[in-house]
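Down below is the structure, laid out as structure tokens.
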Amino acid sequence: VMPAVAAAVEHVHDVGSDLLVDAADGRAVIYQVSEATGAALGTIPILNAGDFGLGYDSSRDLYVTTNASSDVISTFTSAGALTSTWAAPGSGPVGAAHDAGRDVYWICDWSSNTVSSMSPVTGATLTTFDLSLAGCSRPAGVGFNLANDQIIVGGRDQGAVFVLDAGTGSLVRSFAAQIGGSNDPRGFASSSSGNVWQTLQNSNTVYELDLDNGLAGPVLSITGLAG
């Protein structure tokens, strides 16, 4: 059964197949689903049910999670074994994404209203961007678009998607997100088609949004992901 609370989403290229990976609040498990059909492909247990954000380190085949209660960043193998735990760059980490070009993790923090890059080797914070400069507040979820070198962050106060230049942190564009409540949008990830996946807090629906023309809204939605 897929989660009623879709906390985060991440896109994974695994053995030539495109997988959409979804983390569930309160269940200490990562759900794997087909990006093309929404069919359930399996689960991966993790240690902490409070882990909220989710990313995938394609260089090391690791899942990256954030925990806004303990303020830590954790990585897990594909079998769910814990490999590292670091202090978060801020006091409210709610999203993670791997930047394969720079080989860093982008960590979204709602408390400090920032997105920071950190080393996947040492956990050191490398760069921090103030999201208020882009008009974003109370952020949640972060994705990374390698093709355009862009960071995608959700602003819950604005109900919007913010696209930032990963080199400078400057705003590239923003557009309306899919909204189901005051805590949306919730999680982000790049899709295989170059768009962006988005989750809601209290929904078993994952939306694919047109990254280049956000005003067009979702280009695909998948409901009832596990039937």
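The values are calculated or read from the model by the stated rules, or taken from the named source; none is laboratory data. Since we're looking at a predicted model, the values are computed, not measured. In this analysis, Cβ positions are derived from the backbone assuming ideal geometry, glycine residues included, and neighbour counts consider all displayed protein chains. Side chains included, ligands, DNA and RNA excluded: accessible areas come from the protein's heavy atoms. Shrake-Rupley method; radii C 1.70, N 1.55, O 1.52, S 1.80 Å.
Would you mind working out the accessible area per residue for the stretch 76-220, using a 1.4 Å probe, and quoting it in Å²?
Per-residue accessible area for the stretch 76-220 comes out at 37 Å².
Using the Cα centre as the reference, give the magnitude of the dipole from point charges on the C-beta atoms of the stretch 25-113 (Lys, Arg: +1; Asp, Glu: -1; all else neutral), rounded to the nearest 20 debye.
Roughly 120 debye for the stretch 25-113.
Set the Förster radius R0 to 25 Å, insert the Cβ-Cβ distance between Thr77 and Ser34 as r into 1/(1 + (r/R0)^6), and round the FRET efficiency to 0.05.
Working: r = 22 Å, r/R0 = 0.86.
For Thr77 and Ser34, the calculated efficiency is 0.70.
Could you point to the residue in Thr168, Phe144, Ser117 farthest towards the positive end of the stretch 64-202's charge dipole, with +1 and -1 charges on the Cβ of Lys/Arg and Asp/Glu respectively?
Phe144
With a 1.4 Å probe and every protein chain kept in, tell me what percent of the accessible surface of the stretch 109-176 is carbon plus sulfur.
After summing per-atom areas, the C and S share lands at 52 percent.
By average Cβ neighbour count within 10 Å, what is the ranking of 85-94, 137-146, 164-173 from highest down?
Details: 85-94: 21.1, 137-146: 24.2, 164-173: 16.0.
Result, highest mean first: 137-146, 85-94, 164-173.
Tally Lys and Arg at +1 and Asp and Glu at -1 over the other residues with C-beta under 15 Å from the C-beta of Gly90: what net charge comes out?
Its environment carries a net charge of -2.
What translational D, rounded to a whole number of µm²/s, comes out for the stretch 47-123 from Stokes-Einstein when the hydrodynamic radius is the Kirkwood one over Cα pairs, at 4 °C and 1.567 mPa s?
109
Can you list the HN-Hα couplings for the stretch 169-180, worked out from phi with the Karplus curve (6.51, -1.76, 1.60; θ = phi - 60°), rounded to whole Hz and with x for Gly and Pro?
x, 6, 6, 8, 6, 9, 7, 5, 8, 6, 10, x
Please list, in chain and number order, the residues 5+ apart from Phe144 or on another chain whose amide H is under 5 Å from its amide H, with Hs placed from the backbone.
Ile152, Ser190
Between the stretch 173-198 and the stretch 75-123, what's the alpha-carbon centroid distance in Å?
What the calculation gives is 19 Å, centre to centre.
What is the sum of charges around Val163, taking Lys and Arg as +1, Asp and Glu as -1, for the other residues whose C-beta is under 14 Å from the C-beta of Val163?
-3
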